[in-house]
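Here's the structure we're looking at; comments come further down.
The values are calculated or read from the model by the stated rules, or taken from the named source; none is laboratory data. Keep in mind that this is a model prediction, so the values were computed, not measured. Note: ideal-geometry Cβ built from the backbone for every residue, glycine included; neighbour counts use all protein chains shown.
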Amino acid sequence: MTFLRLMALLEGSSLLLLLFVAMPLKYQFGMPEVVSWVGQLHGALFVIFNIVLIYNVFKGRITEMQSFIGLLASLIPFGTFVYKAKVLKVSKTQ
């Protein structure tokens with residue numbers, strides 16, 4: 001479960017880095033290569049995060065609904081931070 005929390009933080013941070021650092025660098029300063037690097041990093045972390053979600057469902061650590069909420073949260077800026085704080089906090093006490 002600790003790894004899932006870590007992945008939630010990394011995935012959320014990479015999305016924010018992509019949206020609020022790399023994209024402005026691309027469009028304001030003409031540096032499209034930054035989006036390529038950060039985009040690949042974010043893509044990898046997104047896939048790994050969702051694999052970890054599925055793994056935790058199979059291990060019985062989280063429910064299928066909690067996993068689905070995690071998938072949705074990974075699509076929204078700041079979503080995985082809220083997911084970690086609200087959903088994973090509840091499942092830790094169970």
>> Exactly one of these conditions fails for Gln28: (1) modelled with pLDDT of 95 or more; (2) surrounded by 14 or more Cβ atoms within 10 Å (Cβ to Cβ). Give me its number.
In response: (2)
> Looking at (1) surrounded by 14 or more Cβ atoms within 10 Å (Cβ to Cβ); (2) under 15 Å from the mean Cα position of the chain (by Cα), can you tell me which one Thr63 breaks?
Replying inline: (2)
> From the residues in region 1-19 that are in contact (Cβ under 8 Å) with a residue 40 or more places away in the chain and surrounded by fewer than 18 Cβ atoms within 10 Å (Cβ to Cβ), which one is farthest from Lys84 (Cα to Cα)?
Replying inline: Leu19
>> What are the pairs with Cβ atoms under 8 angstrom where one residue, in region 41-68, is on the phi < 0 side of the Ramachandran plot and of a type in the set (Asp, Glu) and the other, located anywhere, is surrounded by 14 or more Cβ atoms within 10 Å (Cβ to Cβ) and part of a helix (DSSP H, G or I)? Sequence gap at least six, or different chains.
In response: Glu64/Val57
